Amino acid sequence: MPEVDTRPLDTARRLAESGDLDGAAAIFAELAADPGEPDRAQAAVGLAVVLEESGDVAGSRAAARTALATGHPEFAAQAACLLAGSFEREGLADQARAAWQAALGVGHPAYVPLAHMALARLATGEEDAERSLRDALATADPEIAPRAAQRLAEAFLEEGEPGEAAQVLLEALAVPDAGEVARLRVMLGIAHLELACAEFSGAIEEGGDVETGALAIELLARTLPLRGRDEDAERVWRYGLDSADEDLAGEVRLRLDRDL
């Protein structure tokens with residue numbers, strides 16, 4: 001038996017940890033029902049958890065809403081996350097989005113990054129997803145910000161915007177104690193390769209002296225395979241070799257032949 005001076009909240013927690021969910025729920029429910037109870041928000045969250053484990057989804061959500069209504073800076077945020085997760089598991093995207101928005105409204109820094117990432121995942125459009133990912137990156141959370149940057153960078157690279165990709169990756173790398181640094185650096189290198197290809201291509205279009213033109217052709221043709229674009233590289237070599245400028249074509253041939 002617990003000691004006489006044991007707090008009811010602690011007793012309920014121990015019962016839950018020992019597997020007595022019904023006993024824990026009874027204590028949590030009594031505390032959560034009392035508007036004057038100082039531990040009401042925490043008790044309501046505890047009730048939501050044990051009821052969910054017991055399979056009472058409706059009861060769990062009701063308890064989470066009670067905790068959310070208290071406006072407690074920590075436990076109201078926890079409750080919103082519990083609600084959001086419950087709705088997501090049932091595929092109730094609209095309700096889940098509303099719950100994650102409620103978590104943002106509470107504003108606890110431990111839950112804001114998670115909420116932004118969840119809203120990006122549940123976004124109905126690309127603009128909404130990008131906005132949520134940028135918001136997640138802006139939190140500078142060492143775990144969440146790198147994940148947000150990776151998703152943004154992947155999207156930007158697919159859209160042919162390597163400069164935007166590089167920018168968000170650099171922002172994530174500047175986060176103190178950021179995770180997945182190696183992955184971020186690899187993606188930054190990919191973005192820089194794409195930027196290099198764009199610059200080499202632009203130099204070719206601009207024209208210029210023979211040596212510069214041949215160098216641009218060679219660099220572009222040798223960089224493209226690093227991005228898996230072997231056929232494009234062949235076309236670049238062929239463009240140089242078939243140039244009407246015989247001096248340029250000859251210089252390109254010399255650059256190609258030196259590796260044969």
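In contact with a His (Cβ under 8 Å, 6 or more places away or on another chain) and free of Cβ contacts under 8 Å to residues at least 60 places away in the same chain - does that describe any residue in segment 34-49? Checked segment 34-49: at least one residue is in contact with a His (Cβ under 8 Å, 6 or more places away or on another chain) and free of Cβ contacts under 8 Å to residues at least 60 places away in the same chain. Among residues of segment 6-29 that are without any contact (Cβ under 8 Å) to a residue 60 or more places away in the chain, those with a beta-carbon under 6 Å from a residue that is surrounded by fewer than 18 Cβ atoms within 10 Å (Cβ to Cβ) and assigned to a loop (DSSP other than H, G, I, E, B) at least six positions away or on a different chain give the pairs THR11/PRO2.
Identify all residues within segment 20-42 that are assigned to a helix (DSSP H, G or I) and open to solvent by 60 Å² or more (accessible area, probe 1.4 Å); write none if there are none. Spell out the reasoning first.
The first filter runs over segment 20-42 and keeps only residues assigned to a helix (DSSP H, G or I), leaving 21-32, 40-42.
If the condition is that a residue be assigned to a helix (DSSP H, G or I) and open to solvent by 60 Å² or more (accessible area, probe 1.4 Å), then ASP22, ALA26, GLU30, ARG40 are the ones that fit.
GLU159 fulfils the conditions (1) out of contact with any His (no Cβ under 7 Å at 6 or more places or on another chain); (2) closer than 20 Å to ALA191 by Cβ; (3) open to solvent by less than 50 Å² (accessible area, probe 1.4 Å) except for a single criterion, (3).
Residue under question is ARG151, and the condition is that it be of a type in the set (D, E, K, R), closer than 27 Å to GLU199 by Cα, outside any loop (DSSP other than H, G, I, E, B) and open to solvent by 40 Å² or more (accessible area, probe 1.4 Å); does it hold? Lay out the reasoning, then the answer.
On the way: of a type in the set (D, E, K, R): yes; closer than 27 Å to GLU199 by Cα: yes; outside any loop (DSSP other than H, G, I, E, B): yes; open to solvent by 40 Å² or more (accessible area, probe 1.4 Å): yes.
When the stated conditions are applied, ARG151 passes them.
Residue under question is GLY179, and the condition is that it be at pLDDT below 95 and closer than 21 Å to ALA120 by Cβ; does it hold? So GLY179 fits the description; yes. When LEU195 is tested against the conditions (1) under 24 Å from ARG229 (Cβ atoms); (2) open to solvent by 80 Å² or more (accessible area, probe 1.4 Å); (3) of a type in the set (A, V, I, L, M), the lone failure is (2).
Scan GLY85, GLY71 and give me the residue that is without any contact (Cβ under 8 Å) to a residue 24 or more places away in the chain and among the small types (Gly, Ala, Ser). Exactly one of GLY85, GLY71 is without any contact (Cβ under 8 Å) to a residue 24 or more places away in the chain and among the small types (Gly, Ala, Ser), namely GLY85.
The values are calculated or read from the model by the stated rules, or taken from the named source; none is laboratory data. In this text the structure is predicted, and so the values were computed from the model without any measurement. Positions of Cβ are backbone-derived with ideal geometry, glycine not excepted, and every protein chain shown enters the neighbour counts. Side chains included, ligands, DNA and RNA excluded: accessible areas come from the protein's heavy atoms. Shrake-Rupley method; radii C 1.70, N 1.55, O 1.52, S 1.80 Å.
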